[in-house]
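**Student:** Sending over a structure as structure tokens; questions will come in a sec.
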Amino acid sequence: MEKIIDGEKLNIPNHVAIIMDGNGRWAKKRLMPRNFGHKAGAKAIEKVCEDAHELGIKYLTVYAFSTENWKRSVEEVSGIMNILRDYLKTCIERATKNNMRIRIIGDRTALDADIVEKMDELERVTSVCDGLNFTIAINYGGRDELRRSFKKLLEDVNAGKVDKDITEETISCYLDTAGIPDPDLLIRTSGELRLSNYLIWQLAYAEFYFTDCLWPDFDMDELKKAVKYYNGRDRRYGGVK
Ligand code: FPP
């Protein structure tokens, strides 16, 4: 989709994926505990959803908690889980008001029952919304997602429900992101240049944008910078133009 942004005609990426990094450093700069940064990070998510929708982005997927993040201190992990609890509580009202469809990806089996219950409710209630498709990755790891998908796929092949001649489309259908188009643009904040096990299958042809901006400071101006960078890229998907 094309849109005029600040007087410039821009091609808007359909799906933007974000690695929200730098909350800890943002808090440290303010001599505050790490969870203060995560709280500010959760606030930034709310605004970025509105900004993404305003720009015409249809899908936004954020990395909130990875399968590796359990290695952090008990205090930090429980802090993030409580921020998530608060976020999920207020999200139902905000999502229905803004017509946002929420999906959660990742392995829910390790999460507390009350959180899983809220996630299920949020997905159910917003399944009729057709504004921004907002996906939150929680206890998510790309390799773990592939492992879980292959396990399920193997079960279905053995039960004769799926043809043994597996296609790429079959695999995509077994991922947590089934039904969601692949991201066109990946944004990672805070200057780190890694994928950190995020959407490793889905990001195969995405453009990557890295910024030094710390996640809690990420705003509309930063999002526009990323979209402008995306417009300067020549996407060839392995072909020649
Ligand atoms: C990375 O910054 C951030 C995380 C691992 C957690 C992100 C969590 C949130 C934004 C809040 C909870 C999410 C929701 C959906 C409410 P870091 O801690 O690695 O920062 P650092 O690299 O500066 O230490």
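**Student:** Scanning for something outside any loop (DSSP other than H, G, I, E, B) and aromatic (Phe, Trp, Tyr), does the range 133-147 turn up at least one residue?
**Tutor:** yes
**Student:** Output the number of residues of the range 28-44 satisfying the condition of being within 17 Å of residue 219 (Cα to Cα) and either touching a residue at least 60 places away in the same chain (Cβ under 8 Å) or assigned to a loop (DSSP other than H, G, I, E, B) (or both).
**Tutor:** 5
**Student:** If a residue has to be within 11 Å of the ligand (Cβ to nearest atom) and either in a helix (DSSP H, G or I) or at pLDDT below 95 (or both) to count, how many in the range 45-63 make the cut?
**Tutor:** Of the residues in the range 45-63, 4 are within 11 Å of the ligand (Cβ to nearest atom) and either in a helix (DSSP H, G or I) or at pLDDT below 95 (or both).
**Student:** Any chance you could count how many residues in the range 156-194 are within 19 Å of residue 138 (Cβ to Cβ) and surrounded by fewer than 16 Cβ atoms within 10 Å (Cβ to Cβ)?
**Tutor:** The total comes to 2.
**Student:** Can residue 186 be described as in a strand (DSSP E or B) and within 16 Å of the ligand (Cβ to nearest atom)?
**Tutor:** So residue 186 fits the description; yes.
**Student:** Something else now. I need the full set of residues from the range 189-228 which are aromatic (Phe, Trp, Tyr) and in a helix (DSSP H, G or I), in order please.
**Tutor:** Selection gives 215 alone.
**Student:** List every residue pair whose Cβ atoms lie under 9 Å apart, where the two residues are 6 or more positions apart in sequence or sit on different chains, the first residue falls within the range 77-89 and is within 13 Å of residue 110 (Cβ to Cβ) and without any contact (Cβ under 8 Å) to a residue 12 or more places away in the chain, and the second residue, located anywhere, is part of a helix (DSSP H, G or I) and near the ligand (Cβ under 9 Å from one of its atoms).
**Tutor:** 77/69
**Student:** Only one of 19, 4 is of a type in the set (Val, Ile, Thr) and within 9 Å of the ligand (Cβ to nearest atom); which?
**Tutor:** 19
**Student:** Say whether the condition of being of a type in the set (Val, Ile, Thr) and either closer than 24 Å to residue 149 by Cβ or modelled with pLDDT under 95 (or both) is met by at least one residue in the range 64-74.
**Tutor:** yes
**Student:** So which pairs qualify, if the first residue must be in the range 161-179 and at pLDDT 95 or above, the second must be loosely packed, with under 14 Cβ neighbours inside 10 Å and part of a loop (DSSP other than H, G, I, E, B), the Cβ gap must be under 7 Å, and the two must be at least 6 apart or on different chains?
**Tutor:** Partner pairs satisfying both residue conditions: 172/178.
**Student:** Now a separate question. Any idea which residue in the range 200-241 is nearest to the ligand (Cβ to nearest atom), counting only those that are closer than 29 Å to residue 144 by Cβ and in contact with a strand residue (DSSP E or B) (Cβ under 6 Å, 6 or more places away or on another chain)?
**Tutor:** Checking each candidate, the answer is 210.
**Student:** Name every residue in the range 56-76 that is over 22 Å from residue 33 (Cβ atoms) and free of Cβ contacts under 8 Å to residues at least 60 places away in the same chain, in order of residue number.
**Tutor:** 56
The values are calculated or read from the model by the stated rules, or taken from the named source; none is laboratory data. Keep in mind the model is a prediction, meaning the values are calculated, not measured. Reconstructed Cβ throughout: ideal geometry from the backbone, glycine too, with neighbour counts over all protein chains shown.
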